[in-house]
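Novice: Dropping a structure here in structure tokens format, bear with me for questions.
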Amino acid sequence: MSSLPPLIWLQAFEAAARTLSFTAAGRELGVTQAAISQRIRLLEDRLGQKLFVRHPRSLTLTPAGQAWLPSILDGFARIGEGTREVFGSLPARSVTLRTTPVIQQHWLAPRLLAFHRAHPAIAVRLVSAIWSGEFGPEGADIEIRYGHAGWLGMEALSLGDESLLPVCAPALARCLGSPADLAGLTLLHAAGFAVGWPNWLEHAGVVGLDQQCPALTCDNQAMTLALASQGGGVALIHCRLFERRDDLVAPFDLAVPTDESFWLVRPERGQRQDEASLLWSWLCREVDADSG
């Protein structure tokens, strides 16, 4: 074989072989039973041999699976030893939180700092995601997503209603008396939002004005705001996030509501570690305080 199978397939095999249960392996790795089953099938296809005998309510290892398991266990043990030797012991009490860069910078940062000061023994690992496909149950205890909610198997708490407002550098704002003055200026677009410049301009009574404006499109809102703060154009910002910006001003009072919003999200079921539950409760209280 020219290359090893993907690590997530090997993890699925190791956990399922040790527990003799796809369901227990899924709980351990934070994925569904179906995901474990699919990874095992892909691994078996790759190896050309069955690793498990699937009984109606249980699993057993095939002779090939039994013969291979000690090598897999030894391999993971060696990886663990090498990691400890090079990087030291990893914190046992850790929580992984995944969200977009703009939420990290403007909503999460002060709250996460307060949590860290209150619970310094809990190591929080912050992971960035931008597109919807980068979110999901694997690898994160808690997420803050943007959208319409309704995610299957996920518990979700809305951070509140959202609206979008144009912002720019103070020097540029002084040149803007009405939305019509945007003609000829660069409009900064953040991809992936249901409400964007065409919607805002329609509410402002200048439909189609974006056709008269140069455009820069970024794959994340954090970048459009950075460009706007440096005089690179006018961006749209969620009003919730604007409160903490001192480098941007809003030249117009018109904020356009959107039915998308930010959501605090975690898997509905599954074994939860106390540290993740503690951070979830902390963030929920912050959301309540914002709405109160």
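Novice: Helix 63-87: angle to the longest alpha-carbon principal axis of the chain, degrees 0 to 90, nearest 10?
Specialist: 50 degrees
Novice: Hey, how much of the P(r) for the stretch 154-210 falls beyond 13 Å, as a percent of Cα pairs?
Specialist: Percent of Cα pairs beyond 13 Å in the stretch 154-210: 68.
Novice: May I have the convex hull volume per residue, in Å³, for the Cα set of the stretch 7-87?
Specialist: 90 Å³
Novice: Along the charge dipole of the stretch 162-258, pointing to its positive end and built from +1/-1 on Cβ of Lys, Arg, Asp and Glu, which listed residue (ALA171, GLY184, ALA204) has its Cα farthest out?
Specialist: Selected residue: ALA171.
Novice: Another question about this same structure. Can you check what the Kirkwood hydrodynamic radius comes to for the stretch 162-258, Cα pairs only, in Å to one decimal?
Specialist: 13.0 Å is the Kirkwood radius here.
Novice: Right, something else. If neighbour count is taken as other Cβ atoms inside 10 Å, put GLU143, GLU14 in order from fewest to most.
Specialist: GLU14, GLU143
Novice: Points 7 angstrom from Cα along the Cβ direction at THR19 and LEU126: gap in nanometres?
Specialist: Label at THR19, label at LEU126, 3.1 nm between them.
Novice: Run the helix sum for the chain: -39,500 (n - 2.57) per DSSP H stretch of 4+ residues, divided by residue count, reported at 222 nm to the nearest 500 deg cm²/dmol.
Specialist: Result for the chain: -12000 deg cm²/dmol, rounded to the nearest 500.
Novice: How far, in degrees from 0 to 90, does helix 109-118 lean away from the longest principal axis of the Cα atoms of the chain, to the nearest 10?
Specialist: Once rounded, the angle reads 50 degrees.
Novice: For every other residue with a beta carbon closer than 12 angstrom to the beta carbon of THR258, add +1 if it is Lys or Arg and -1 if Asp or Glu, then tell me the sum.
Specialist: The answer is -3.
Novice: What ranking of PHE262, PHE87 emerges when the number of other C-beta atoms within 10 Å of each C-beta is taken as an exposure proxy, fewest first?
Specialist: PHE87, PHE262
Novice: Compute the angle between helix 33-47 and the longest alpha-carbon principal axis of the chain, please, reported from 0 to 90 degrees and rounded to the nearest 10.
Specialist: For helix 33-47, the angle is close to 60 degrees.
Novice: Order of LEU112, LEU209 from fewest to most other C-beta atoms within 10 Å?
Specialist: LEU112, LEU209
Every number here is computed from the coordinates shown, using simple stated rules; none is lab data. This structure is a prediction, so every number in the text was calculated from the model and none was measured. Cβ coordinates were reconstructed from backbone atoms using ideal geometry, including for glycine residues, and neighbour counts include every protein chain displayed.
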